[in-house]
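The values are calculated or read from the model by the stated rules, or taken from the named source; none is laboratory data. As the structure is a prediction and not an experimental result, all values here were calculated from the model. Cβ placement follows ideal geometry from the backbone for every residue including glycine, while neighbour counts extend to all protein chains displayed.
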Amino acid sequence: MTVIEEVVARQILDSRGNPTVEVDVRLRDGSSGRAAVPSGASTGAAEAVELRDGDPRRFHGKGVATAVANAAGPLADAVRGLHAEEQAQVDAALIAADGSPDKSRLGANAILGVSLATAKAAAAASRRPLYRYLGGDGAVRLPVPMINIVNGGAHADNPLDFQEFMVAPVGAATFFEAVRMGSEIFHTLRRALAAAGHNTNVGDEGGFAPAFTTADEALRFVTEAIAASGYEPGGDVTICLDPAASEFYKGGAYDYAGEGVARSTAEHIDHLSGLLRRYPIASVEDPVAQDDIDGWRALTAREGAGTQLVGDDVFCTDAARLAAGIADGYANAILVKVNQVGTLTETLSTVDTARRAGYRVVMSHRSGETEDTTIADLAVATGCGQIKTGSVSRSDRTAKYNRLIRIEEELGARAEFPGAAALRPA
Ligand code: PGA
Ligand code: ZN
């Protein structure tokens, strides 16, 4: 009944106005699934390869017509006739059809589109929502949202060196209440920024992008916005950072261009430790660069017992790279982005590897997103306890929050919201 009959692919637009791949998978029973592929700006060096046409006359070279043709051609040929609920088999067929180690031949964007659309078609055929189809009846745990309220780095035009400042409403009783608290803090912050003469335009992930030059300045505003909204910073609401440090690690040092200082690894780590002492920060993603493994080790040894240290660029959602971190004792959590690895099966296997080692898992969007809400379902299916999906503004971000609100409603009294424990290093 669930035999894959047809794969259709097309170019659609992402939240930055760039083309991306969308795939429809249709099954013999008439069920279908649709998935749209996200796209990063501050990408890790070891990510699966997003295939772009490079034709400067179309979409400034960013077209994905080749990836679309690959999805509808060789990848469709590889999966047609397979059973959609045999996800591992489908993904293995996609990987084999590509044949390259980094999915560069047919494109990770093409492969991921087929992989996720297959899962969604199989869920539809089983008449279950995706989170339950993948996670079973025990999939009742909503994630704590890390809500982005200040953008910098590669996601905004301001001088701020760190990329993301987020709030995690860990004291909320439910996911909906967490979103409400985040929305209140977001609007309180908007007023405070306007009152201080800052602009209130938003960056790629929907957080404000005022002309801050230091992390301290951003953190003071964020902490005050939490308190002014009536919440206890560090109690009801903790702060999460993504410095995206690979982006400003140059020639063996951290080049804080916005601040106008360069810091050695040791000075950079001292600076981060200082921020952890001064502000109620529960989690820091990519605190050091992907190729500064000594820095990762040093920071983890110093702060890893009390602070969640999330590897994004350093792991790229790859189980083998994560295993190296586990063996070598760096980071204590992983950011999971489906398009960094390129198939659902590999994504779930990375989540499993993290779990078994006691590493926390944060399900994540990309800075280029669409209305696709698959990651919301994946957060509940895996019960990973945390999601990073941007601000509470811009529909590409709120689509995921709204999907989770609906899932929480559907689960009713069975829904669980994990609170502060979800971010605490295991
Ligand atoms: P990206 O940023 O999607 O632009 O890579 C998100 C992140 O660094 O977590
Ligand atoms: Zn990151």
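Annotations
- Boolean, Gly138 is assigned to a helix (DSSP H, G or I) and at pLDDT 95 or above: no
- Scan of the range 149-179 for residues that are assigned to a helix (DSSP H, G or I), more than 15 Å from ligand 1 (Cβ to nearest atom) and under 21 Å from the mean Cα position of the chain (by Cα), ordered by number: Phe175, Phe176, Ala178, Val179
- Within the range 308-359, the set of residues being part of a helix (DSSP H, G or I), among the polar types (S, T, N, Q) and within 16 Å of ligand 1 (Cβ to nearest atom) comprises Asn339, Gln340, Thr347, Thr350.
- Of the residues making up the range 212-226, at least one is over 23 Å from Gly419 (Cα atoms) and either within 16 Å of ligand 1 (Cβ to nearest atom) or touching a Phe, Trp or Tyr at 6+ places or on another chain (Cβ under 6 Å) (or both).
- Filter result for Arg356 (more than 16 Å from ligand 2 (Cβ to nearest atom) and free of Cβ contacts under 8 Å to residues at least 24 places away in the same chain): yes
- Filtered residues of the range 391-426 (kept if outside any helix (DSSP H, G or I) and small (Gly, Ala, Ser)): Ser391, Ser393, Ala415, Ala426
- Only residues that are more than 16 Å from ligand 1 (Cβ to nearest atom) and either at pLDDT below 95 or of a type in the set (Ser, Thr, Tyr) (or both) were counted across the range 30-72, and they come to 3.
- Figure legend. Inter-residue proximity from the range 114-133: first residues aromatic (Phe, Trp, Tyr), second residues at pLDDT 95 or above, beta-carbon distance below 7 Å, spacing 6+ or different chains. Indicated pairs: Tyr131/Ala139; Tyr131/Asp377; Tyr131/Val380; Tyr131/Ala381; Tyr131/Ile407; Tyr133/Ala122; Tyr133/Ala123; Tyr133/Ser126.
- Residue selected from the range 221-249 under the condition charged (D, E, K, R) and closer than 16 Å to Ala172 by Cβ, by the criterion farthest from the chain's Cα centre (by Cα): Glu232
- Selected residue (criterion: farthest from Leu423 (Cα to Cα)) from residues of the range 154-165 that are within 11 Å of ligand 2 (Cβ to nearest atom) and surrounded by 24 or more Cβ atoms within 10 Å (Cβ to Cβ): His155
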